[in-house]
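Bear in mind that the values in this text are calculations on the coordinates, not laboratory data. What you see is a predicted model; the values in this text were computed from it and never measured. Cβ: placed from backbone, ideal geometry, glycine included. Neighbour counts: every protein chain shown.
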């Protein structure tokens with residue numbers, strides 16, 4: 001995805017939308033599908049945010065306070081040429097579409113919109129540059145990141161979106177300990193309250209689903225550091 005070609009965790013999406021209800025609607029919908037989502041309501045904050053955070057895709061409105069979507073799009077293309085950008089806007093004239101696509105947009109949708117279509121178009125954009133390997137394996141644990149399914153020893157495992165996102169991050173970093181801070185940065189969003197024990201809660205929930213009933217546990221605590229997913233702990 002270009003951006004996702006070196007991805008080590010769940011897909012992280014930035015929504016730049018000044019209508020807070022619309023932004024929240026998209027945010028909740030994408031989070032329910034396992035995405036890590038950040039939201040900006042002012043265009044002037046977009047440039048620094050995109051420059052400092054490794055996003056996999058951007059959903060961008062064109063009519064924004066502070067800086068227009070067209071200006072943000074040109075800045076994104078100057079900094080990250082291959083970052084997928086989906087324009088989602090009420091400016092739906094042919095001229096607007098042509099201008100946005102010529103400025104570097106990867107796709108363009110008008111408002112009103114269906115959330116299912118936004119999600120489908122994002123998936124299509126992310127697949128364009130996805131790494132060839134879409135199925136992750138650790139021992140007898142298998143994750144299909146296209147179908148979004150998980151199996152251990154051939155048996156399907158039902159996960160919540162956050163459990164899935166956390167497991168994907170652990171599997172992409174298998175055999176390598178990851179800290180609680182790194183997990184929060186990749187699986188949750190920029191507004192996350194780091195004081196919460198939500199990471200520990202989700203790790204315990206994953207253990208109950210992934211390891212319970214199997215002779216070889218895969219999720220291990222690394223004392224003083226974090227967690228590691230491996231079948232060969234030290």
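Does region 3-128 classify as rounded, prolate or oblate by the C-alpha gyration tensor (a ≥ b ≥ c root eigenvalues; a/c under 1.5 gives rounded; else a/b over b/c gives prolate, otherwise oblate)? Because its axes are fairly even, with a/c under 1.5, region 3-128 counts as rounded. Between residue 45 and residue 63, the modelled labels are 2.2 nm apart [label points 7 Å from Cα along Cα→Cβ]. In degrees from 0 to 90, rounded to the nearest 10, what is the angle of the helix 20-32 Cα long axis to the longest principal axis of the chain? Approximately 30 degrees, to the nearest ten.
Between 0 and 90 degrees, the angle of helix 198-210 with respect to the longest Cα principal axis of the chain falls at about 60 degrees. Per-residue packing, averaged as other Cβ atoms within 10 Å, sorts the ranges 12-18, 137-143, 160-166, 106-112 into the order 12-18, 160-166, 137-143, 106-112, beginning with the highest. Here the relative contact order of the chain, from alpha carbon pairs under 8 Å that lie six or more residues apart, stands at 19 percent. Applying 1/(1 + (r/R0)^6) with r as the Cβ-Cβ distance of residue 158 and residue 111 and R0 = 25 angstrom yields a FRET efficiency of 0.15.
Using the average count of surrounding beta-carbon atoms within 10 Å as a protection proxy, the listed peptides 173-183, 213-223 rank, highest first, as 173-183, 213-223. Using a simple spin-label model with pseudo-atoms 7 Å out from Cα toward Cβ, residue 21 and residue 211 lie 4.6 nm apart. Computed from Cα atoms, the angle from the helix 94-103 axis to the main principal axis of the chain rounds to 60 degrees. Assign one of three labels to region 135-229, namely rounded, prolate or oblate, based on the Cα gyration tensor with a ≥ b ≥ c the square roots of its eigenvalues; rounded applies when a/c is under 1.5, prolate when it is not and a/b is larger than b/c, and oblate otherwise. Prolate, because a/c is 1.5 or more and a/b exceeds b/c. The relative contact order of region 1-100, computed from alpha carbon pairs under 8 Å that lie at least 6 residues apart in sequence, is 31 percent.
Given their separation in residues at 0.36 nm each and the Cα-Cα distance between them, residue 231 and residue 137 gain 32.7 nm when the chain is fully extended. Per residue, the chain reaches -11500 deg cm²/dmol at 222 nm when only DSSP H runs of four or more residues are counted, each adding -39500 (n - 2.57).
Using a/c under 1.5 as the rounded threshold, could you call region 58-169 rounded, prolate or oblate? The axes a ≥ b ≥ c are square roots of the C-alpha gyration tensor eigenvalues, and prolate needs a/b larger than b/c, oblate otherwise. Prolate shape, in that a/c is at least 1.5 and a/b is the bigger ratio. Comparing 34, 154, 224 in a Gaussian network model of the chain where C-alpha atoms under 10 Å apart are linked, the largest mean-square fluctuation is found at 224.
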